[in-house]
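The structure appears right after this line, and notes come after that.
The values are calculated or read from the model by the stated rules, or taken from the named source; none is laboratory data. Small disclaimer: the values here were computed from a predicted structure and weren't measured. Here the Cβ positions follow ideal geometry from the backbone for every residue, glycine too, while neighbour counts run over all protein chains shown. What goes into the accessible areas is simple: the full protein's heavy atoms, side chains included, and nothing from ligands, DNA or RNA. Shrake-Rupley method; radii C 1.70, N 1.55, O 1.52, S 1.80 Å.
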Amino acid sequence: MEGRTLFHVNSTMTGGGVAELLGSVLGYLLGADVRSRWLVVEGDEDFFVLTKRIHHLLHGKDGDQGDVGRAEADVYQSTLTRELAPIADQISRGDVVVLHDPQVVGLAPHLRRMGASVIWNCHVGADAPNEHTRRAWKFLLPAASSADAQVFSRAQYIWEGLDPNCVAIIPPCIDAFSPKNQAMEPGQVQSVLAATGLLRRPWSGDDAVFTRVDGSLGRVDHAARMIEESPLPPDAPVVTQVSRWDPLKDHAGVAQSFAQAVPPDLEAHLVLAGPSPESVADDPEGLATFEELRSCVASLPELARSRVHLACLPMDDIEENAAMVNALQRYSAVVVQKSLAEGFGLTVAEAMWKSRPTVASAIGGIQDQICDGRTGVLVEDPKDLDACGKAVTDLLRDRTASDALGRAAQASVLDNFLAPRYLGRYLDLIETIVASR
């Protein structure tokens, strides 16, 4: 990479796994003297409605049932053509550009003509292709196939029509030292949650702290917006799902499963947490999904409703937000990820790294992270509310088994899903591409 710059391009600086991944791992590259830059494209509402539609299609879901035809291609290409000029001003012949996800793959042929080596990384997919995935493939395949290489997180996600010699499998990773995953003392965890507004307890501002990426000390100063009938009891076992407000994450299903299948005598409470729904630029469904969830929780029986808490975590400071998530996951007795579809699901690796017993759907990349019964619990049918609730109940009742799962989970993440392994795989791919060109 001497004399070259490595560019990463995506569609948002905040919210979602890709933004978090880039915010963490680029520091490793800079520390290794690999000149790296991160660029973000901007789009209007029509562009992001379309790309969210494609996102659903790639997961094998029909989404908003809209078209992906000529008119949509015009919206897509006109946005990326407008965004190309400021990007092209920064990229030189011989540079390497990694494009992340469907929003920006349309840049690939233009950047190749400029003399850059281009990798497209598709972080989403479906375990088995269907008519919906193939509609998205048809729309994006000309751009995707023009890249020097296509990277998928799982072999099952590889598209039909791509040259197999140009495809690589590189699972994503978490950064063990980022604010979201760094070690926290129990008192620090409780102070951060108190500052966030999740716990009602005395706390000192000096305790609600975390270490920023640059090594300086950060403090939790912003509070979450809580939708709840009463605060979390101080000693209640907490079950948590953390993810952005996306219908494929099925927050409502988690709430219903908890209400009908986790017995009240366990005195457990459920926290569904995500970013402030207005804060994720490339997800126009977030606010509507959150409002549907509020209606679902409001319709639960009174006893169940009193045990469900919705937390909108502020995004004013991304590292502060990450520290809030870190503390919440560490505080939880069980972490759930009951997605209906999932590209990889880094929230699972995050919980596992913190030695949390995790219950998750047996879909997508979650299956590559959890070995059922050894490092977590997989629910075969993500729509089976009783099965999910029973798995949570079993872990709450048997803390010895839960602790054993948590320890094995952390060991698995240590071996497979930390930043050095991810970056090593990527640099091997880049070396091959640059040499071939």
**OP:** Report, in deg cm²/dmol and to the nearest 500, the calculated mean residue ellipticity at 222 nm for the chain, where each DSSP H run with n ≥ 4 adds -39500 (n - 2.57) and the sum is divided by the residue count.
**Re:** -13000 deg cm²/dmol
Subject >> Rounded if a/c under 1.5, otherwise prolate or oblate - region 376-428, Cα gyration tensor axes >> reply: oblate
Subject >> For region 33-182, radius of gyration divided by Kirkwood radius, i.e. Rg to Rh on alpha-carbons >> reply: 0.97
Subject >> Accessible area per residue in Å² at 1.4 Å probe, computed on region 219-334 >> reply: 36 Å²
**OP:** Order the peptides 152-159, 1-8 from the highest to the lowest mean number of other Cβ atoms within 10 Å of their residues.
**Re:** 152-159, 1-8
**OP:** Rounded to the nearest Å, what's the spacing between the alpha carbon centres of region 1-44 and region 73-92? Just the number, please.
**Re:** 17 Å
Subject >> region 145-230: GluC sites (Glu not before Pro) falling in loop per DSSP and having at most 16 other Cβ within 10 Å >> reply: GLU160, GLU229
Original post:
For the chain: lysine pairs with Cα atoms under 18 Å, gap of 8 or more or different chains, count?
Top reply: 12
Original post:
Can you give me the Cα centroid spacing of region 179-246 and region 355-412 in angstrom?
Top reply: 24 Å
Original post:
Using 0.36 nm per residue, how much length does the chain from ARG70 to ARG113 gain when fully extended, once their Cα-Cα distance is taken away?
Top reply: 13.1 nm
Original post:
What order do you get for 353-363, 213-223 when each peptide is scored by the mean count of other beta carbon atoms within 10 Å, highest first?
Top reply: 353-363, 213-223
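Roll a 1.4 angstrom probe over the protein heavy atoms and tell me the percent of accessible area of region 1-145 that is carbon or sulfur.
48 percent
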Original post:
What is the distance, in nm, between label points placed 7 Å from the Cα along the Cα-to-Cβ direction at LEU266 and at ALA223?
Top reply: 3.0 nm
**OP:** Give the residues of region 369-409 whose amide nitrogen is closer than 11 Å to a point set 7 Å from the Cα of GLN156 in the direction of its Cβ.
**Re:** 369
Subject >> Whole-Å distance, taken between Cα centres, linking region 281-326 and region 107-149 >> reply: 32 Å
Subject >> Modelled label reach - ARG200, point 7 Å along Cα→Cβ, region 232-260 residues with backbone N closer than 17 Å >> reply: 232-237
Subject >> Cβ crowding within 10 Å averaged over residues, with 32-38, 144-150 ranked highest first >> reply: 144-150, 32-38
Original post:
Given R₀ = 25 Å, FRET efficiency for ALA88-ASP316 by Cβ-Cβ distance, to 0.05?
Top reply: 0.15
Subject >> Point-to-point label distance, LEU287-SER78, nm (Cα→Cβ direction, 7 Å offset) >> reply: 2.3 nm
